[in-house]
């Protein structure tokens, strides 16, 4: 009985928070347009990083007071491959955005999520976001392969944090253009003390995997595509797409300004790396920028 009363109390609290959120949707709606743009940058988009969880202890970051919004908005400049598997790079404008409503809702690079579970270091729930497409104009090597349409994607996320360590995972399926398939990301992070309360550094490994539909769409070459592009026909199935390392550095320049820097180095592996679309197995992305908290 006590357990059932506890569940009812938790559901009532969530319902009250959602009701309060519906009363002020104008600002979040405008900010959502900005916050969704990191998904257009496939290498710059990560789930909440552990330094943001550390920053929350200093008035920034993922948590917001019950019934209130916490907003971090900014931008930066980075360099990333022209497409996943390219050996050429280009500069990109990188939006930085993280918006939270209490302990319930968040909107960030991976999309809009709800913390259905949020206790004892564990957060989990559904997530709705956007995955970018690919255009032959992105790189000459893609000529003849045709467009890959962007898609809305839905799935689930989970993250567990204990002290300076965090492990998280996200699984999302394309729902408006199903040929984009299913993608999964698993990350681990460790927070490194720096001796300066304003400076936060973290790093860790990551792994991405996908189903056969995704792999064939992004790295397969059909007979028709082969005739149009000159690349050999190629088919592949589900598997691990890449493994990598990432590092993030945040500095609290002032009460409201956060300076950010990040680097992500991943290696395409297995059948993905053997695709004729892939020119380079190693994919490096880095960038710097600033965000304002209010």
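The values are calculated or read from the model by the stated rules, or taken from the named source; none is laboratory data. Quick caveat: nothing in here was measured; it's all calculated off a predicted structure. Because the Cβ atoms are built from the backbone with ideal geometry, glycine has one as well, and the counts that use them run over all protein chains shown.
Starting from residues that are in contact with a helix residue (DSSP H, G or I) (Cβ under 6 Å, 6 or more places away or on another chain) and under 15 Å from residue 134 (Cα atoms), keep the ones in segment 74-106 and report whichever is surrounded by the fewest Cβ atoms within 10 Å (Cβ to Cβ).
Step one: filter segment 74-106 for residues in contact with a helix residue (DSSP H, G or I) (Cβ under 6 Å, 6 or more places away or on another chain), giving 82-83, 95, 97, 99, 101-102, 104.
So of that shortlist, the ones also under 15 Å from residue 134 (Cα atoms) come out as 82-83.
Values: 82: 19, 83: 24.
Step by step, filter segment 74-106, then rank; the result is 82.
Within the group 149, 188, which residue is surrounded by fewer than 18 Cβ atoms within 10 Å (Cβ to Cβ), within 28 Å of residue 230 (Cβ to Cβ) and under 20 Å from the mean Cα position of the chain (by Cα)?
Details: 188 fails: within 28 Å of residue 230 (Cβ to Cβ).
Selected residue: 149, the only one of 149, 188 that is surrounded by fewer than 18 Cβ atoms within 10 Å (Cβ to Cβ), within 28 Å of residue 230 (Cβ to Cβ) and under 20 Å from the mean Cα position of the chain (by Cα).
Within segment 206-222, if we keep just the residues that are in contact with a helix residue (DSSP H, G or I) (Cβ under 7 Å, 6 or more places away or on another chain) and over 19 Å from residue 143 (Cβ atoms), the residue that is surrounded by the most Cβ atoms within 10 Å (Cβ to Cβ) turns out to be 215. The residues of segment 253-272 that are touching a helix residue (DSSP H, G or I) at 6+ places or on another chain (Cβ under 9 Å) and either over 20 Å from residue 71 (Cα atoms) or surrounded by fewer than 16 Cβ atoms within 10 Å (Cβ to Cβ) (or both), listed by number, are 267, 268, 271, 272. Could you tell me whether residue 105 is in contact (Cβ under 8 Å) with a residue 40 or more places away in the chain and over 25 Å from residue 216 (Cα atoms)? The answer is yes for residue 105. Look at segment 193-205: where a residue is within 13 Å of residue 247 (Cβ to Cβ) and a partner is in a loop (DSSP other than H, G, I, E, B), sitting 6+ places away or on another chain with Cβ atoms under 7 Å, you get 201/194; 202/49. Which residues, counting only those in segment 151-173, are modelled with pLDDT of 95 or more and either part of a loop (DSSP other than H, G, I, E, B) or over 21 Å from residue 115 (Cα atoms) (or both)? Result: 151, single match. Within segment 223-251, being part of a strand (DSSP E or B), farther than 19 Å from residue 85 by Cα and either at pLDDT 95 or above or out of contact with any helix residue (DSSP H, G or I) (no Cβ under 7 Å at 6 or more places or on another chain) (or both) holds for 247, 249, 251. When you scan segment 192-214, do you find a residue that is touching a strand residue (DSSP E or B) at 6+ places or on another chain (Cβ under 7 Å), within 30 Å of residue 255 (Cα to Cα) and not in a strand (DSSP E or B), even just one? Yes, segment 192-214 has at least one match.
Scan segment 231-252 and tell me whether some residue there is surrounded by fewer than 18 Cβ atoms within 10 Å (Cβ to Cβ), touching a residue at least 60 places away in the same chain (Cβ under 8 Å) and touching a strand residue (DSSP E or B) at 6+ places or on another chain (Cβ under 6 Å). Looking for residues that are surrounded by fewer than 18 Cβ atoms within 10 Å (Cβ to Cβ), touching a residue at least 60 places away in the same chain (Cβ under 8 Å) and touching a strand residue (DSSP E or B) at 6+ places or on another chain (Cβ under 6 Å), one finds none in segment 231-252, hence no. Against the list (1) buried (at least 16 other Cβ atoms within 10 Å of the Cβ); (2) farther than 30 Å from residue 223 by Cβ; (3) in contact with a helix residue (DSSP H, G or I) (Cβ under 9 Å, 6 or more places away or on another chain), the condition residue 124 fails is (3).
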